[in-house]
1. Mind listing just one residue for me: the one in the range 39-52 that is over 9 Å from residue 12 (Cβ atoms) and among the acidic types (Asp, Glu) and, of those, modelled with the highest pLDDT?
2. Restrict the check to the range 9-22 and report whether at least one residue is over 13 Å from the mean Cα position of the chain (by Cα), assigned to a helix (DSSP H, G or I), touching a residue at least 12 places away in the same chain (Cβ under 8 Å) and surrounded by fewer than 15 Cβ atoms within 10 Å (Cβ to Cβ).
3. With touching a residue at least 60 places away in the same chain (Cβ under 8 Å) and of a type in the set (S, T, N, Q) as the only criterion, which of 30, 52, 78, 35 stands out?
4. So in the range 53-71, with the set limited to residues that are over 10 Å from residue 13 (Cα atoms) and surrounded by 15 or more Cβ atoms within 10 Å (Cβ to Cβ), which one is modelled with the highest pLDDT?
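The values are calculated or read from the model by the stated rules, or taken from the named source; none is laboratory data. Predicted model, so just to flag it, every value in this text is computed and none were measured. For neighbour counting, all protein chains shown are included, and Cβ atoms are generated from backbone atoms with ideal geometry for every residue, glycine included.
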Amino acid sequence: MSGAEPLRQRALVVVPSKAERERACRELVTSGYDTVGFSDCANASAWLEEETPVVAIVVADASRDCQAFLGELRERGTEIEQR
């Protein structure tokens, strides 16, 4: 298929604040990523069952859900920026 744009790499943003989440997504789009954002680790974990992001920006609390989520990202080799 000529003229088709290459697939962009996927980035994940998990930030409780909508304004902060949207800002982080814009930063990643500017860097060339397709982004998806969630407000919490539980919802992001459900998405992670089907996808693996190349990079992730995560504001995580100390809950078991978030720690397990971060562990899964690490196992998959996702580059993580914890804020």
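1. 40
2. Yes, the range 9-22 contains a residue that is over 13 Å from the mean Cα position of the chain (by Cα), assigned to a helix (DSSP H, G or I), touching a residue at least 12 places away in the same chain (Cβ under 8 Å) and surrounded by fewer than 15 Cβ atoms within 10 Å (Cβ to Cβ).
3. Working: 30 fails: touching a residue at least 60 places away in the same chain (Cβ under 8 Å); 52 fails: touching a residue at least 60 places away in the same chain (Cβ under 8 Å); 35 fails: touching a residue at least 60 places away in the same chain (Cβ under 8 Å).
Matching residue, one of 30, 52, 78, 35: 78.
4. 54
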